[in-house]
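For reference, the structure discussed in these notes is given below.
The values are calculated or read from the model by the stated rules, or taken from the named source; none is laboratory data. In this text the structure is predicted, and so the values were computed from the model without any measurement. Remember, those area values only see protein heavy atoms, side chains included, never the ligands or the DNA or RNA. Shrake-Rupley method; radii C 1.70, N 1.55, O 1.52, S 1.80 Å.
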Amino acid sequence: MAKKPKVLGIIPARSGSKGIPGKNIAVIGSKPLIAWTIEIAKQAKNLDKIIVSTDSEKYASICKNYNVEVPFLRPPELSSDEATSEDVVIHALMWMKKNE
């Protein structure tokens, strides 16, 4: 019988937004915007694990309060305006493969 592949949910949360500074931790309703994303991801039945990729200790602390893993802080070169979502996902996957 084939083994079910594990599915990793990656939530990117860069702190340096220029359009809306601090948008990921801005309180919308009763909680930070990132908390809404975390809660929806936790409802996904096919995700085996959820992590947040961020460059900010403050963001990481907030995310951990919502019981999601932040296993690393993203390096500066993946936190710039030029960094792509694909680059962030590849970094997270490579980090997890090496460290899990």
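Accessible area per residue (1.4 Å probe, heavy atoms of protein chains only) ranks VAL68, VAL27 as VAL27, VAL68, with the largest value leading. If the chain linking LYS4 and ASN99 were pulled fully straight, counting 0.36 nm for each residue of separation and taking away their Cα-Cα distance, it would gain 32.1 nm. Among TYR66, TYR59, the sequence by solvent-accessible area, most first, with a 1.4 Å probe is TYR66, TYR59. For ASP87, the solvent-accessible surface with a 1.4 Å probe is about 70 Å², rounded to the nearest 10.
Excluding ligands, DNA and RNA, the accessible surface per residue across the chain is 66 Å² with a 1.4 Å probe.
The accessible area of SER61, taken with all protein chains in place and a 1.4 Å probe, comes to roughly 60 Å². Volume per residue for the chain equals 108 cubic angstrom (convex hull of Cα atoms).
Net length available on complete extension from LEU47 to LYS64 is 4.3 nm, with 0.36 nm assigned per residue and the Cα-Cα distance removed. Of the accessible area of the chain, computed with a 1.4 Å probe over protein heavy atoms only, carbon and sulfur atoms account for 57 percent. Ordered by solvent-accessible area of protein heavy atoms (1.4 Å probe), largest first, the residues GLU69, GLU57 come out as GLU57, GLU69.
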